1. Would you be able to tell me the number of residues in the stretch A:305-342 that are closer than 23 Å to residue A:171 by Cβ and touching a residue at least 12 places away in the same chain (Cβ under 8 Å)?
2. Is it the case that some residue within the stretch A:332-344 is more than 13 Å from residue A:181 (Cα to Cα), surrounded by fewer than 19 Cβ atoms within 10 Å (Cβ to Cβ) and touching a Gly at 6+ places or on another chain (Cβ under 6 Å)?
3. Somewhere in the stretch B:238-245, is a residue farther than 20 Å from residue B:35 by Cα, open to solvent by 60 Å² or more (accessible area, probe 1.4 Å) and out of contact with any strand residue (DSSP E or B) (no Cβ under 8 Å at 6 or more places or on another chain)?
4. So, in the stretch A:39-65, of the ones that are more than 30 Å from residue A:179 (Cβ to Cβ) and among the acidic types (Asp, Glu), which residue ends up nearest to the other protein chains (Cβ to nearest Cβ)?
5. Inside the stretch A:162-222, counting only helices (runs of 4 or more DSSP H) that do not spill past its ends, which hold 2 or more residues that are over 28 Å from residue B:17 (Cα atoms) and more than 9 Å from every other protein chain (Cβ to nearest Cβ)?
6. So residue A:367 fits all but one of (1) of a type in the set (Gly, Ala, Ser); (2) within 10 Å of chain B (Cβ to nearest Cβ); (3) out of contact with any helix residue (DSSP H, G or I) (no Cβ under 6 Å at 6 or more places or on another chain); what number is the exception?
7. Before we move on, is residue A:314 at pLDDT 90 or above, touching a helix residue (DSSP H, G or I) at 6+ places or on another chain (Cβ under 7 Å) and of a type in the set (A, V, I, L, M, F, W, C)?
8. For the stretch A:262-278, give me each residue that is within 12 Å of chain B (Cβ to nearest Cβ) and open to solvent by less than 10 Å² (accessible area, probe 1.4 Å).
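The values are calculated or read from the model by the stated rules, or taken from the named source; none is laboratory data. Remember, it's a predicted structure, so these values are computed and weren't measured experimentally. So basically every Cβ, Gly included, is an ideal-geometry build from the backbone, and we count neighbours across all protein chains shown. All accessible areas refer to the heavy atoms of the entire protein, side chains included, with ligands and DNA or RNA removed. Shrake-Rupley method; radii C 1.70, N 1.55, O 1.52, S 1.80 Å.
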Amino acid sequence: MVNQRRTVAIFNKEIRHILRDPFTLIFSLVMPVVMVLLFGTAIEFNVREVPTVYVDQDHSQTSRTFLNTLGSSQYFKITPVASAHEGIRWIERERARAMIIIPPQFEHFLLGAQEGKLQVLVDGTDNSSGNALVGYLGAIQAKTLQNLSKSDHPASEGALKTRFLYNPELSSRWFTVPALTAVVMAILSILLTALTISREWENGSMELLLSTPVRPMEVVLGKMLPYALLGLISVFVVYIIARTLYGIPFIGQLWIFWVATLMFLLTYLGQGLLISTLIRNQQAAIQFALMIGMMPSMLFSGFIFPIEHMPTFFQGITACFPARWYVTIVRDQFLKGSSALELFLPLFMLFVFTCMAIRLCTKTFKGNLES
Amino acid sequence: MILKGFIRKEIIQTLRDPHLGMAVIIMPVLQLLLFGYALTNEVKNIRLDVYAEPRDVLVQNIYDHALASRWFAPVKKHKANPIDAIQSGEADAVLVAPPGGLTRAAGRNEEKIQLLVNASDVLRAQAADIYLKSIAQSLEPKGEKTPHAPLSVSVRMLYNPSMTSSTFTLPGIMSMLLTFLVMVLTCTSIAKEKERGTFEMIISAPIRRTDIILGKTIPFALVGVWNVFIALMASRFFFSLPLRGSLVAFGFVSLCYVYTALMAGVLMSTFVKNQQQSMMCNFMILFIAMMLSGCFFSVDNMPLPLRLISYVNPLAHYTFLVRNILLKGGDFMYLIQYSSALLGVGIVLAFFAFRRFRISL
């Protein structure tokens with residue numbers, strides 16, 4: 001069904017296209033590096049030094065102990081303000097994320113065996129860091145009480161001791177960078193292929209290609225493989241950066257990683273080609289590529305937003321995006337190192353997507369030829 | 001008169017193609033809905049398992065309390081040992097009691113419950129740790145009598161009391177989609193003329209440079225404004241996103257942003273030769289701008305050099321402004337400060353766009 005010579009001819013033609021256009025080449029080699037460097041440093045999930053203002057209406061030993069505990073923790077960076085009114089204005093101008101109000105007679109109540117009440121106002125517009133803040137406050141609350149009681153007992157840190165498996169320091173980089181390969185690949189392959197066929201239509205070279213005896217399968221393979229090669233090179237670059245610069249461990253088996261990468265690349269290249277065959281206008285193809293390819297591969301893959309947090313219906317939808325399965329595999333292989341058997345479902349799904357993408361491509365391409 | 005004709009040509013060209021028309025008019029709303037519903041950073045369904053003797057009251061208590069909250073769910077299959085449970089992906093977190101039961105071990109003050117967390121997902125690991133610790137703390141038997149009465153903290157979440165995720169993500173999604181349309185369309189439409197060679201025809205026609213730029217940008221400005229309007233309506237209707245500030249301020253800020261994004265598109269188009277290059281350039285810029293804009297990740301947590309970039313990033317300005325106006329009611333000083341920054345970037349971009357445009361002619 002596939003004539004090797006004709007496929008190679010298309011392959012060569014496409015390679016020349018790439019080499020002749022240094023822009024594409026540089027882009028596909030530089031972009032992954034920029035993205036990894038940027039992502040690796042920019043995304044930090046551990047909330048630190050949250051700008052916080054406080055109003056101390058008590059001015060007592062106790063309130064100072066509390067504020068000291070708060071300020072010496074790495075989570076809060078505290079600044080005094082004159083009144084609650086002013087504090088709100090700080091929050092409105094995004095200069096503070098939280099305000100702590102210590103009411104008058106705070107110490108009096110606390111020592112007098114009544115409840116010492118603190119009021120905390122948290123900026124809820126960013127709810128992820130808002131939640132974390134509340135968690136940290138709980139810890140500080142307990143610590144203050146300890147500092148206050150000045151007991152000789154060693155500080156009890158609660159009955160729970162946590163061990164973080166696979167990522168002991170909870171490094172955000174270990175979490176984002178491996179999954180980033182998926183996003184880089186998805187974007188790169190869609191960008192590269194989305195225009196190859198619509199460009200041929202617009203330039204009129206498609207008619208020429210059609211008049212030759214090449215078969216759809218040969219065109220599809222010939223157009224896919226050069227870009228797959230380019231993609232593999234950039235995954236390799238990302239892998240090297242992740243291992244050396246960021247020191248992320250790779251615990252799994254390399255062959256699983258590369259097989260999954262190849263399947264994923266082919267799927268996305270196929271998707272790009274599909275957009276390209278279906279939509280002959282390059283401008284529209286670009287919009288579709290951005291919206292169908294890029295956004296879901298970033299947002300529905302579990303790369304940033306954990307899939308388990310989505311409503312059940314949408315969890316089902318994410319199963320339709322190959323990026324989700326690939327991210328699962330990559331993250332697992334880097335940090336956890338499961339066997340191929342344990343990863344059977346994601347690997348199988350990727351395989352199905354790959355076959356589907358290539359099949360759909362050749363089919364629509366054939367339909368295109370006949371029309 | 002000439003300008004009018006030029007604009008008409010552009011609009012017809014955009015809407016004539018059914019795919020492009022769809023991409024411009026319907027897709028943004030669809031995406032807004034999709035992402036608005038799906039993307040949440042509310043933690044839930046952390047699968048928790050427990051390894052303790054049934055009579056170990058404290059561990060069982062922590063476990064029961066955890067399951068009662070909406071964050072945790074029980075595992076489907078109990079594995080023989082705790083590490084296996086996590087390795088196989090059956091559980092995200094496991095409570096392991098010290099041998100002999102915690103109540104006794106705690107009395108000897110030597111053992112602790114161990115919490116094993118799968119930290120390959122940092123967000124969930126953090127959440128599991130924080131929540132379980134606070135549950136454990138509240139259940140801990142009070143050993144000696146504490147000299148103080150409890151210290152209570154009453155927390156009030158301002159602006160978003162129910163902590164709805166969409167309230168945070170929607171303004172980000174709105175500004176991102178707007179950029180997709182306005183900047184990318186402008187840039188590619190000029191690139192398209194270049195690729196096809198019709199750009200020379202336009203240049204040789206007796207039209208001023210300003211008219212060319214206006215003619216190329218006004219149609220997409222209209223597309224942008226239309227989408228801002230639709231996006232605002234959709235978020236109010238489907239997600240009941242509040243609009244606490246004034247509509248006028250929102251409109252003004254959006255116009256400023258549309259203008260800046262258009263100018264960015266024009267400037268970028270002077271660097272590219274064809275549509276593919278335009279797409280790649282756009283993509284690159286968009287991606288970096290998005291990352292450093294606080295659309296999804298809070299800028300506060302970034303290291304200083306990257307935070308500095310966000311101070312000149314128009315997408316960041318717009319996202320901040322939209323969030324401030326919609327959720328906080330728009331503090332006047334803040335609006336002035338950030339919209340002038342936004343406009344400033346726009347003017348600088350426009351200056352270079354006009355200059356480069358002349359050279360590329």
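1. Final tally of qualifying residues: 16.
2. yes
3. Yes, the conditions are met somewhere in the stretch B:238-245.
4. Top of the filtered list is A:58.
5. Correct list: A:172-194.
6. (2)
7. no
8. A:272, A:276
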